[in-house]
Amino acid sequence: MPYKVLLVNPNRYLSPPVPPIGLEYVAACLEKKGHKSEIIDLCFSKDLYKDIDDSVISFKPDLVGLTVRNVDTVLYHTNEFFLDDIKDIVNHVKSKHGLKVIIGGTGVSTNPEGILEYLNADFAIAGPAESEIQWFLNKFQNPESKKKIFKGNCRDCVSCNRKPATTTYYKKYFDAGGIAGFETHKGCSSSCIYCIEANSKVSFKGVENVMSEIKRFVDIGYNHFHLCDSELNENLEYSIDLCTALKNSGMNIKWAVYMKPGNFNKKLFILLKDTGVYLVTLTVDSWQKSPDYWSIVENFVSSAKSSGLKVAVDFLTGFPYEDEDKLSWCLDLFRKINPDSVGVNTYIRLYKPLRITSIILKDAKLRGNLLGNIDDRTFVKPVFYNHINTEKLNQLINGDALFRIEGIEKGVNYTRV
C-alpha cells in the first residue's frame, strides 16, 4: 500500500549550511514506488516546532523520516554536538502527533543501535536508504515484526532521480554561503581506519543521470556545486567519462571536489579544469604509509597545480604509535610540494565500529590519550584521540602560512581557498 512520508531535515549548522541532498534522493525514490513524500527543511526555520506542526497537519503523514547527517562537527576545538536538538524533535513528533520516526543519514552508521536509543526513535536505516526505505515500508506496520534497524544498500538507488531542488529553497542556502551538491556514486573502496565509509560497497550512477541532475539546477539558475562523493576519483575511467560528458554538455558551472591519492592522470586534471573545477581537496593521512604513497601525493599535487587547479590538502595525522619526527617529516614534505593550503588535524574522532577505536582500546597507554566522554564506550558523544596537542603542533608549524590547524575556525575549504 502507498504511504505518506514526511522527511525532516534537522540540520541547522550554518558554517556553511548544507542542503539535505540525501532527503531529496530518498523522496524521489519513494515517489518512484508510488508513495507520497514531503520535505520539511528546518535549517533556516524561525520556529521549527510550528513549522513541524504545520507540515504534519497539512500533509497528514503515516511516518516521519529524519536525517542525521552528522552526530557532531567532528573537529575537536569547535565541536558542536547535534543529537540533543534532534532528540527534542523526535520526542515532539512522537508525543504531540503520535507518529513513528525512522532515522537515517551518515551519522546513524557511526553506531546504529546507540544512535537509535539516544534519539528515542523507532527505527533506523544504516547506510543508503533510497531502496531500503521501500522494504521497510512493507514491514513497519506489521505487528509481528520486531526489527528496528535496517541495513541500507545500493539495490536500485543509483537510478533514482532527485526531488526538484526548489523543495529546499536553495536561494536561502546560496545567500548564506552554501552551494548545491550532487553525487556520482555511493560507497568507498579505501580502507582508512578512521572512516565509517571505508570498504563499503561502491555503486556508480549513470553518467546521463548525473548530467540530468546538474542541468536541473542550471536551468533554475544555480551553477555552483560541491561534489558530495567521498572522493571523485573512486574509478579513473568513470571520472573521465563524467567530466567528458560535462564538458560536452556546454553547461557553464563551477564546482569543488574531494579526491584521494591515486586514480588520476593529466587528462583527468585538464578535464576538471575545463569543466569549471576551481578547487580540489586532497585527503591525506599518515597511517602506516609506504614511500610510494608519498610519491603519489607529490605527483598528484604537482600535476593538478600544473593543470591550473588549486589544491587544498586535508591532512589527518597523530595516529597511535606515530611520533613528532614523523609529523615533522610530513610537514617538510608539504613545504616541498607546496599545495595551496594544508589543514592539519591531530585530534581523531572515534566511533564504535572503527578499526582505530579497537586498536586504541586494546592498549592502556593509548587510552591515556583519549579526550571527551571517555567513560561512554558507545562513542555516541564525542571522544577524541590525541597525543600531539595544539601547542606542540604550533611549534612544529612555526608560523608557516601554508598550514592551518583544523577546527580553530569554522568553515570548509571552498570558503577559505
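With the contact rule set at Cα under 8 Å and sequence spacing of 6 or more, what percent relative contact order holds for segment 4-157? Before the final figure, lay out the partial values.
Working: 252 pairs, mean separation 32.6, N = 154.
RCO, segment 4-157: 21 percent.
Spin-label model, Lys96 to Asn161: label points 7 Å out along the Cα-to-beta-carbon direction sit 3.3 nm apart. Each Lys or Arg adds one and each Asp or Glu takes one away; over the other residues whose Cβ falls under 13 Å from the Cβ of Gly114, this sums to +2. Applied to segment 13-26, the Karplus parametrisation 6.51 cos²θ - 1.76 cosθ + 1.60 on θ = phi - 60° returns per-residue 3J(HN,Hα) values of 6, 10, 10, x, x, 10, x, x, 4, x, 5, 5, 5, 4 Hz, with x for Gly and Pro. Between Leu371 and Met1, what FRET efficiency follows from the Cβ-Cβ distance if R0 is 45 Å, with the result rounded to 0.05? The value I calculate is 0.35. Roughly how many Å is it from the Cα centre of segment 328-397 to that of segment 265-292, as a whole number? Segment 328-397 and segment 265-292 have Cα centres spaced 23 Å from each other. Just checking the listed ones, Asp292, Asp53, Asp340: in the Gaussian network model of the chain with Cα springs under 10 Å, the one fluctuating most is Asp292. The charge dipole of segment 4-157, taken about its Cα centre with unit charges on the Cβ atoms of Lys, Arg (+1), Asp and Glu (-1) only, comes to about 500 debye. Hey, with R₀ at 22 Å, roughly what FRET efficiency would Ala401 and Leu333 work out to, going by the Cβ-Cβ distance, to 0.05? Calculated transfer efficiency: 0.85. Comparing Asp285, Asp85, Asp314 in a Gaussian network model of the chain where C-alpha atoms under 10 Å apart are linked, the largest mean-square fluctuation is found at Asp85. Converting phi to 3J(HN,Hα) with the Karplus coefficients 6.51, -1.76 and 1.60 and the offset θ = phi - 60°, segment 372-378 yields x, 7, 6, 8, 9, 7, 6 Hz in sequence order, with x at every glycine or proline.
On a C-alpha basis, how far is the centre of segment 29-66 from the centre of segment 308-326 in Å? Whole number, if you could? Value for the Cα centre distance between the two parts: 42 Å. How would you classify the chain from its alpha-carbon gyration tensor, with a ≥ b ≥ c the square roots of the eigenvalues: rounded for a/c under 1.5, else prolate if a/b is greater than b/c, otherwise oblate? Cα axes put the chain in the oblate bin. Excluding the site residues themselves, the longest part of the chain lacking any GluC sites (Glu not before Pro) in a DSSP loop with at most 12 other Cβ atoms within 10 Å is 145-408. The label point for Ile359 and the one for Lys46, both projected 7 Å from the Cα toward the Cβ, are 5.1 nm apart. Taking a straight Cα-Cα cut-off under 26 Å and skipping sequence neighbours fewer than 8 places away in the same chain, the lysines within cross-link reach of Lys365 are Lys289, Lys326, Lys352, Lys381, Lys392.
In a fully extended conformation the segment linking Ser191 and Thr415 would gain 77.8 nm over its present Cα-Cα distance, using 0.36 nm per residue. For segment 4-157, just say rounded, prolate or oblate: build the C-alpha gyration tensor, square-root its eigenvalues into a ≥ b ≥ c, call rounded for a/c under 1.5, and beyond that prolate if a/b exceeds b/c, oblate if not. It is rounded, given that a/c, with a ≥ b ≥ c, falls under 1.5.
Rounded, prolate or oblate: which fits segment 300-366 when a ≥ b ≥ c are the square roots of the eigenvalues of the alpha-carbon gyration tensor, with rounded for a/c under 1.5 and prolate only if a/b beats b/c? Write down the numbers at each step before the final one.
Details: a/c = 3.74, a/b = 2.10, b/c = 1.78.
Note, shape of segment 300-366 comes out prolate.
Among the listed pairs Lys151/Lys267; Lys32/Lys260; Lys32/Lys139; Lys267/Lys336, which are separated by more than 26 Å between their Cα atoms? Correct reply: Lys151/Lys267; Lys32/Lys260.
Think of each Lys and Arg Cβ as +1 and each Asp and Glu Cβ as -1; about the Cα centre, that makes the dipole of the chain roughly 680 debye. For the pair Ile408 and Ser145, the difference between a 0.36 nm per residue extended length and the Cα-Cα distance amounts to 90.0 nm. Measuring against 18 Å, Cα to Cα, the residue pairs Lys273/Lys305; Lys33/Lys201; Lys100/Lys147; Lys163/Lys215 contain Lys33/Lys201 as the ones spanning a longer distance.
Bear in mind these aren't lab numbers, they're just calculated from the coordinates by the rules spelled out. Note that the structure is predicted; figures quoted are calculated from it, not measured. All Cβ positions, glycine included, derive from the backbone under ideal geometry; neighbour counts span all protein chains shown.
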